[in-house]
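Have a look at the structure below before the remarks.
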Amino acid sequence: MTRIGTPLTPSATKALLCGSGELGKEVALELQRYGVEVIAVDRYQNAPAMQVAHRSYVINMLDADALKEVILKEQPTVIIPEVEAIATPALIQLEQQGFHVIPTAKAAFLTMNREAIRRLAAEELHLPTATYRFADNYGQFISAVKEIGIPCVVKPIMSSSGHGQSVVKTEADIDIAWHCSQEGGRAGAGRVIVEGFVNFDYEITLLTVRHSGGTTMLRPIGHHQVNGDYRESWQPQQMSSIALQKAHDIALAITDALGGYGIFGVEMFVCGDNVIFSEVSPRPHDTGMVTMISQDLSEFAIHARAVLGLPVPEIFFRGPSASKAIVVEGNTTEVVFSNIDAVLEEEGVQIRLFGKPKIEGHRRMGVILATADTVEHALEKAERAYKKLDIKCL
Ligand code: AMP
């Protein structure tokens, strides 16, 4: 039985977010609708979720001691990882001491590392994946590329959002890919995965929620990536019934193996009726931001319910929808968005601005959401709205 106390009193139900980006901000808001006390943690000040949380801490979340100190001090009811770059072995220890990690400390640990999750999916669960090899140094990398063949995709095992990732299309790309992987990984230089290039028809995120009433899958989300970073997503992605069934089977197998309560973003490639597992995040997914307009319960609202041990008996789908990331280039600590009135002129359009305090290079600063009679029209509407947005880096 779920019981929720009063925030800022000894009876409070406390959620500690490890990672305070735009996804964490929405989770924080949804938890607060239930009267949960929210503590936001991240490596920099004024991160989006910190701006709406009850309290916040700035620490290096890869520093196990710093992470444990905050958690032991706060004694949260639930610890909710929002990013991959966390000292997950510390979460495993804390779980053993009785803390509740979402969905499980093992899930956070395995999904932080491309090798661990790939071996679980391919070698233990026998799910279809791209061919792959791992390499620790340049010599092993060259052998791995030879074995997998060109074209192939190279990624640091500790990375996300396209950091350090590149495609080897010709022999000339091999050295570039190695250097890129050694500079772009989360933990600096080190082990990489070399994957066979999958010439997919489309790729999907299947949001899957494990909750106290069972496992529920949302309609598939299609998305478009640029350099490993999502730019547009839409829901539903049309799929053949055979492919959809295969996607459901894969999502069920991997989420059952990870366990716990919460939402998972299961990423897959689809070629005709064939479905290939790519990766899984045991938390809301960036491509799933489209659910803020497409469903009565967004992926964040669903996550909040699930982590609190509440059931999700029904999710109402509102209709074909799209999201478009607002990615801004520059070097600044002040961004100003204008002409928002024009952006919102058309019916069925919404905008979220994340309030991120700094851009160095390029950064996702907001998202435009649109709903229409078809996915194509929703994407066009989001694009029209986006074109009207005026962005200035001061
Ligand atoms: P990931 O960080 O592994 O999700 O990769 C980011 C994006 O790169 C994916 O969403 C795909 O668009 C692309 N990608 C990754 N791996 C492969 C692959 N083996 N073949 C083709 N495209 C890939």
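The values are calculated or read from the model by the stated rules, or taken from the named source; none is laboratory data. The structure presented is a predicted model; accordingly, all values stated were derived computationally and were not measured. Glycine gets a Cβ as well: all are built from the backbone with ideal geometry, and neighbour counts include every protein chain shown. Accessible surface areas use protein heavy atoms only, side chains included; no ligands, DNA or RNA. Shrake-Rupley method; radii C 1.70, N 1.55, O 1.52, S 1.80 Å.
Check whether at least one residue in the stretch 188-198 is within 10 Å of the ligand (Cβ to nearest atom), outside any strand (DSSP E or B) and buried (at least 16 other Cβ atoms within 10 Å of the Cβ), and report yes or no. There is at least one residue in the stretch 188-198 that is within 10 Å of the ligand (Cβ to nearest atom), outside any strand (DSSP E or B) and buried (at least 16 other Cβ atoms within 10 Å of the Cβ). Against the list (1) surrounded by 14 or more Cβ atoms within 10 Å (Cβ to Cβ); (2) out of contact with any strand residue (DSSP E or B) (no Cβ under 7 Å at 6 or more places or on another chain), the condition GLU345 fails is (1).
Just one residue in the set ILE157, ILE86 is in contact (Cβ under 8 Å) with a residue 24 or more places away in the chain, touching a Gly at 6+ places or on another chain (Cβ under 8 Å) and more than 16 Å from the ligand (Cβ to nearest atom); that residue is ILE86. In this structure, GLN93 does not satisfy being closer than 28 Å to ILE368 by Cα and open to solvent by 50 Å² or more (accessible area, probe 1.4 Å).
Taking the stretch 97-109 as the range and being open to solvent by 30 Å² or more (accessible area, probe 1.4 Å) and either touching a helix residue (DSSP H, G or I) at 6+ places or on another chain (Cβ under 6 Å) or part of a strand (DSSP E or B) (or both) as the test, only PHE109 passes.
In the stretch 57-80, the residues that are of a type in the set (S, T, N, Q) form Cβ pairs under 6 Å with partners that are part of a loop (DSSP other than H, G, I, E, B), at six or more places apart or across chains, as follows: ASN60/ARG43; THR77/THR13.
Looking across the stretch 161-179 at every residue that is open to solvent by less than 40 Å² (accessible area, probe 1.4 Å) and part of a loop (DSSP other than H, G, I, E, B), the one that is nearest to the ligand (Cβ to nearest atom) is identified as GLY162. Tell me the helices (runs of 4 or more DSSP H) entirely within the stretch 279-394 that contain at least 2 residues that are in contact with a helix residue (DSSP H, G or I) (Cβ under 6 Å, 6 or more places away or on another chain) and more than 26 Å from GLY262 (Cα to Cα). Of the helices (runs of 4 or more DSSP H) lying wholly inside the stretch 279-394, those with at least 2 residues that are in contact with a helix residue (DSSP H, G or I) (Cβ under 6 Å, 6 or more places away or on another chain) and more than 26 Å from GLY262 (Cα to Cα) span 340-343, 375-388. Looking across the stretch 110-154 at every residue that is under 16 Å from PHE264 (Cβ atoms) and more than 11 Å from the ligand (Cβ to nearest atom), the one that is most open to solvent (accessible area, probe 1.4 Å) is identified as LEU125. I'd like the full set of residues that are within 20 Å of THR9 (Cα to Cα), among the small types (Gly, Ala, Ser) and either in the same structural domain as ARG305 (by TED's automatic domain parsing) or buried (at least 17 other Cβ atoms within 10 Å of the Cβ) (or both), limited to the stretch 27-49. ALA28, ALA40 - these are the residues of the stretch 27-49 that are within 20 Å of THR9 (Cα to Cα), among the small types (Gly, Ala, Ser) and either in the same structural domain as ARG305 (by TED's automatic domain parsing) or buried (at least 17 other Cβ atoms within 10 Å of the Cβ) (or both). Checked against the criteria, LEU94 counts as closer than 20 Å to GLY262 by Cα, assigned to a helix (DSSP H, G or I) and not aromatic (Phe, Trp, Tyr). Candidates ASN137, ASN113: the one that is within 30 Å of ASN274 (Cβ to Cβ) and among the polar types (S, T, N, Q) is ASN113.
Any chance you could count how many residues in the stretch 305-328 are touching a Gly at 6+ places or on another chain (Cβ under 7 Å) and of a type outside the set (Val, Ile, Thr)?
3
Scanning the stretch 294-316 for residues that are touching a Leu at 6+ places or on another chain (Cβ under 8 Å) and open to solvent by 10 Å² or more (accessible area, probe 1.4 Å) yields a total of 4.
Could you grab me the full set of residues in the stretch 89-133 that are hydrophobic (A, V, I, L, M, F, W, C) and more than 30 Å from VAL198 (Cα to Cα)? The answer is ALA90, LEU91, ILE92, LEU94, PHE99, VAL101, ILE102, ALA105. Filtering the stretch 221-239 to residues that are of a type in the set (S, T, N, Q), under 15 Å from the mean Cα position of the chain (by Cα) and buried (at least 17 other Cβ atoms within 10 Å of the Cβ) leaves only SER233.
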